[in-house]
1. When the convex hull of the Cα atoms of segment B:1-138 is projected onto a plane and the area is averaged over all directions, what value comes out in nm²?
2. Give the range of the longest stretch in chain A that excludes all GluC sites (Glu not before Pro) found in loop regions by DSSP and having at most 12 other beta-carbon atoms within 10 Å.
3. Would you mind computing the Rg to Rh ratio of segment B:200-240 from its alpha-carbon coordinates, Kirkwood style for Rh?
4. Considering only protein heavy atoms and a probe of 1.4 Å, how much of the accessible area of segment A:3-144 is carbon and sulfur, as a whole percent?
5. Per 10 Å bin, what is the whole-percent P(r) computed from every C-alpha pair distance within chain B?
6. Please give the Cα centre distance for segment B:341-372 versus segment B:89-122, rounded to the nearest Å.
7. Which three semi-axes in whole Å describe the equivalent ellipsoid of the protein assembly as shown, each the square root of 5 times a Cα gyration tensor eigenvalue, listed largest first?
8. Kindly provide the helix-only [θ] at 222 nm of chain A, computed as the sum of -39,500 (n - 2.57) over DSSP H runs of four or more divided by all residues, to the nearest 500 deg cm²/dmol?
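The values are calculated or read from the model by the stated rules, or taken from the named source; none is laboratory data. All values derive from a computational prediction rather than experimental measurement. No Cβ is skipped: glycine too gets one built from the backbone with ideal geometry, and neighbour counts run over all protein chains shown. Surface areas here come from the heavy atoms of the whole protein model, side chains and all, with no ligands, DNA or RNA. Shrake-Rupley method; radii C 1.70, N 1.55, O 1.52, S 1.80 Å.
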Amino acid sequence: MSAKPELLSKVLRSLFGKRLKSLAVSRGELTIEVAAADYFEIARILREHTGLNFEQLIDLSGVDYSTYANKPWQGKRFASVLHLLSVTHNWRLRLRTFAEDDDFPVIDSVCELWPAANWYEREAFDLYGILYDGHTDLRRILTDYGFVGHPLRKDFPVSGHVEMRYDAEAKRVIYQPVTVEPRENTPRIVREASYGDVGHA
Amino acid sequence: MSAMHEIRNYTLNLGPQHPAAHGVLRLVLELDGEVVERADPHIGLLHRGTEKLAETRTWAQSVPYMDRLDYCSMMCNEHAYCLAVEKLLGVEVPERARYIRTMFDEITRIINHLMSLGSHGLDIGAMTMILYTFREREDLMDAYEAVCGARMHAAYYRPGGVYRDLPDSMPKYKASRFKNEKTLKQLNAAREGSLLDFLEDFTKRFPKCCDEYETLLTENRIWKQRTVGIGVVSPERALALGFTGPMLRGSGVAWDLRKKQPYAAYDKVDFDIPVGKNGDCYDRYLCRMAEMRQSNRIIGQCIAWLRENPGPVIVDNHKVAPPRREKMKGNMEELIHHFKLFSEGIHVPEGEVYAAIEHPKGEFGVYAISDGANKPYRIKLRSPGFPHLAAMDELARGHMIADVVALIGTMDLVFGDIDR
């Protein structure tokens, strides 16, 4: 098992060369990062190349990096992360690409390559507002009909913006601004690197 | 006026409150007579924002949320989450905990499949099925209760191991107006010893129960008419659509993470992977049935190992797992550890991992990003049901509306994990 990520990374390096923005093996998992412009093409090669055979898209998720490590984030804000699996070779790969524009994040859709991406991209669009170029049916999926905003963005409060209740006078369910007081029981703390070091029990 | 104008597709709204919708599925069906032209599932009616909530809780606090994802296979969800945290931390789980996890994963698999088979039967006309399956499910629920106190939402797996060792006694039925001395004795017969004794008795009884289920369904003409040739998926298509678990194996792809990428103690137990041939609802049913028998085998092996090998069930690293309660009462160091662990929480080193397990429904994965804080930066839950339901449109096209119900049953949908 342990030799596999190294073997795979060698293949990927020779295949993509400079088009890989980064390649890292960490905790036995291989992650590559590519520019948004190369993303679709590289995904296509990963799927179709007979030596790679990533025939299955296991997962696609959006990530908002804006408050990473409790510090202002320097790079681009939104990323789309693919988890690919090759049933033939029994290896996994993580492919990440950042959207160029933070205010209008657009990433190519991979629905053509893996039909499974359809709903995953709808989900990432719904929760993060990432637009998938080439997706034929980019509707919201998890949130309510008529929902405003993208709830998993870091600037979206956990309690949301609106709440709903039954209004006896109007005799229907109405939306109103939330009455929940935001509360954080345990603050989010980033300690120095060696603090929670499990090696020093 | 030609007659052509009169022909129109009919749009039907199935659910969200429908007994066959397995929860809260809203399915908008476009029908031509009784034939489905297009199926558009609307999900999210059970969306609770688990991923967002996990970002605002410490690493340990999110474990109970995992139970509530797929509420038919609770401990498996916890397992994937704990594996992700352990992988980030780089801790090694004690071997006894691995075996306990393997055993309870398989118990969970049987619980899930019993639920799935029972309700699948109920949906397409085999009423009695659920009465039989829930009889055995009850016993396994009791095993859950014995080990963690809760029948469903266990929170038994913890990062670093499991909460506590297996109990020496089983809860027993008490006398009441409805149970006389004789029934009571019968009911409590298997519960006199420890949990392992109870489970051993179960593993001996269970193959016969499986035979009973098979008598009801496998050669049943009505059951076969409703499932054979319905929702056929080719192996290539199943892979492209992101199918995993019995949905993929039903199409003949022998892919099982327990064998291919073993975790816990799966590399040390002996079992087979059942695969289907035709990729229809009937083959997937057969796969699930055979899987239960295999799970039973694994449980038997785990019981034998657990009897022989006592040992710790959670890591002895107080940055990850709390110290023993007795020690905590008399030792300052341990008290501080306990306090810090339950107030501030575990500090997980920076990095990202994807941990996947063979959940009863398919591959359940947790993609965790840590920025070095006491809370996750991002948790993405890869639920197996999500891509399965996404393929509903493709599978239902051209089938009759009654077959949609069979498809919902065969996908084994649970909205807790699809909507998250």
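1. 12.7 nm²
2. Working: sites that count: A:Glu169, A:Glu184, A:Glu192.
Free of exposed loop sites, the longest segment is A:1-168.
3. 1.22
4. On the way: 2930 of 5590 Å².
Accessible surface attributable to carbon and sulfur in segment A:3-144 totals 52 percent.
5. In order of increasing distance, the bins hold 5, 21, 30, 24, 14, 5, 1, 0, 0, 0 percent.
6. 18 Å
7. Semi-axes, largest first: 35, 35, 26 Å.
8. Details: 3 runs with 39 residues, N = 201.
Rounded to the nearest 500, it is -6000 deg cm²/dmol.
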